[in-house]
Amino acid sequence: MNHTPTPTSETTLKTITALTASGLVTPEDAAGLAPVAARYATAVTPAMAKLASDPRIARQFVPDVRELVTLPEERADPIGDAAHSPVKGIVHRYPDRVLLMPTLACAVYCRFCFRRETVGGAGGLTAGELTAALDYIRTTPAIWEVILTGGDPLVLAPRKIEEIIASLDATPHVRTIRIHSRVPVAAPERIDGALIGALRATGKAVYVGVHCNTAAELTPEAVAACARLVDAGIPLLAQTVLLKGVNDTVEDLDALFRALVAARIKPYYLHQLDYAPGTSHFRVPLAQGQALVGALRGRLSGIAHPTYILDIPGGAGKVPAASASPEGDGTYIVRDPQGTAHSYPPSPL
Ligand SMILES: *Cc1c(COP(=O)(O)O)cnc(C)c1O
Ligand code: SF4
């Protein structure tokens with residue numbers, strides 16, 4: 001049983017001291033967690049702190065000493081972003097779409113984040129670097145879709161977002177803009193008229209991909225924030241990370257995917273956890289993930305199923321996790337979109 005008192009703080013908790021004062025960290029644990037917070041960005045928003053008596057929420061955001069354990073197969077850049085970055089702030093791995101990372105700040109910091117070695121308040125793009133990144137998009141006609149990610153693009157000021165959208169809007173070959181964000185769930189109050197206005201100012205299709213891992217995250221406030229986006233003509237997709245102790249049961253996933261569909265959010269991807277440093281306590285073995293997804297088949301409406309996906313370590317791309325085949329020694333073989341075979345590390349026990 002978790003006896004964490006409900007914090008009353010209305011500010012984002014960013015230090016172990018603040019987390020201890022609000023009751024999310026016990027005084028006995030505080031000293032041991034200082035090196036975790038020193039190494040990895042930490043922030044718990046009021047909306048998430050309010051839910052933190054649920055261990056499935058606390059686990060996602062409150063630092064844990066197990067983060068200091070890095071396994072040999074865990075990498076600083078697990079999906080090989082750096083190898084596909086032609087200019088700062090852009091990752092161009094697939095011919096027709098690029099990632100654009102205008103900021104590395106997030107509203108909350110997820111303890112399992114695949115970019116945990118780079119996210120944090122500092123290290124976003126300067127005005128000049130953003131111009132250079134937008135120039136790359138403008139001068140690369142193969143780019144059909146721009147995916148704003150980071151960090152969390154929706155922590156930027158609406159004026160800044162509007163500037164980026166306006167530049168993409170003026171680029172004829174860009175047809176689709178996708179924004180990946182945790183904000184509708186983690187800080188739903190930010191989805192206000194000014195932010196929606198900034199997203200709507202476009203002749204392109206604008207999608208928002210909401211990162212959401214449990215049904216509990218879809219509070220009335222989060223559902224209302226999502227409704228404001230959908231009502232403004234912005235279709236919503238959901239990205240979920242499969243996490244031990246958070247959503248690794250059929251019941252948890254069933255409740256989540258139903259809640260998403262009911263909130264007019266299409267479950268898009270269920271991600272196998274990437275091999276980011278200090279995340280082994282979150283890893284669900286691939287065989288278990290495949291079994292969970294299999295058990296949902298037939299039980300859930302067709303529109304409630306995301307694709308279970310994994311990113312091949314090192315940068316070969318995303319592939320359906322259902323296609324990974326076990327090798328007998330615990331490793332898996334996965335084929336990238338070009339058909340090349342790669343070995344996928346075994347899950348720790
Ligand atoms: C995940 C990712 C995308 C988007 O992939 P989709 O399958 O289209 O959602 C694009 N570029 C990079 C580098 C990615 O890692
Ligand atoms: S919101 Fe996204 S980018 Fe930010 S810490 Fe969480 S997973 Fe990482």
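Tabulated data for the structure shown
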{"item": "Order of exposure, largest accessible area first, which applies to M101, M48 with probe 1.4 Å", "result": "M101, M48"}
{"item": "Distant alpha-carbon pairs in segment 134-290 (separation over 24 angstrom), percent", "result": "39"}
{"item": "Distance between modelled label sites at L68 and V230, nm, 7 Å Cα→Cβ extension", "result": "4.5"}
{"item": "Alpha-carbon centroid distance for the pair segment 75-104 / segment 178-200, whole angstrom", "result": "23"}
{"item": "Integer Hz, Karplus 6.51/-1.76/1.60 couplings in order for segment 315-324, x for Gly and Pro", "result": "x, 7, x, 8, 9, x, 5, 5, 7, 6"}
{"item": "Average Cα contact separation per residue, the chain, under 8 Å, 6 or more apart, as relative contact order %", "result": "15"}
{"item": "Additional length obtainable on full extension of the chain from H84 to T249, 0.36 nm per residue less Cα span", "result": "55.9 nm"}
{"item": "Estimated D of the chain in µm² per second, where Rh is the Kirkwood radius over Cα pairs and Stokes-Einstein applies at 20 °C, 1.002 mPa s", "result": "103"}
{"item": "For segment 82-344, with +1 on Lys and Arg beta carbons and -1 on Asp and Glu, the positive-most of Q288, L310, V91 along the dipole", "result": "V91"}
{"item": "Residues whose placed amide H lies under 5 Å from that of G124, excluding near-sequence neighbours", "result": "L104"}
{"item": "Packing-based ranking, highest mean first, of 274-281, 209-216, 329-336 given that Cβ atoms within 10 Å are counted", "result": "209-216, 274-281, 329-336"}
{"item": "Simple spin-label estimate for T202 and A157 in nanometres, 7 Å along Cα-Cβ", "result": "2.1"}
{"item": "Ellipticity estimate at 222 nm from DSSP helix runs (n ≥ 4, -39,500 (n - 2.57)) divided over the chain, nearest 500", "result": "-8500 deg cm²/dmol"}
{"item": "Accessible surface, segment 108-244, averaged per residue in Å² (probe 1.4 Å)", "result": "35"}
{"item": "Solvent-accessible ranking of E251, E117, E74, largest area first, probe 1.4 Å", "result": "E251, E117, E74"}
{"item": "The chain - percent of accessible surface contributed by carbon and sulfur, probe 1.4 Å", "result": "58"}
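The values are calculated or read from the model by the stated rules, or taken from the named source; none is laboratory data. Worth saying up front: this structure is predicted, and the values here are computed from it rather than measured. A quick note on method: Cβ atoms are made from the backbone with ideal geometry, for glycine too, and the neighbour counts reach across all protein chains shown. Keep in mind that these areas ignore ligands, DNA and RNA; they rest on the heavy atoms of the full protein, side chains included. Shrake-Rupley method; radii C 1.70, N 1.55, O 1.52, S 1.80 Å.
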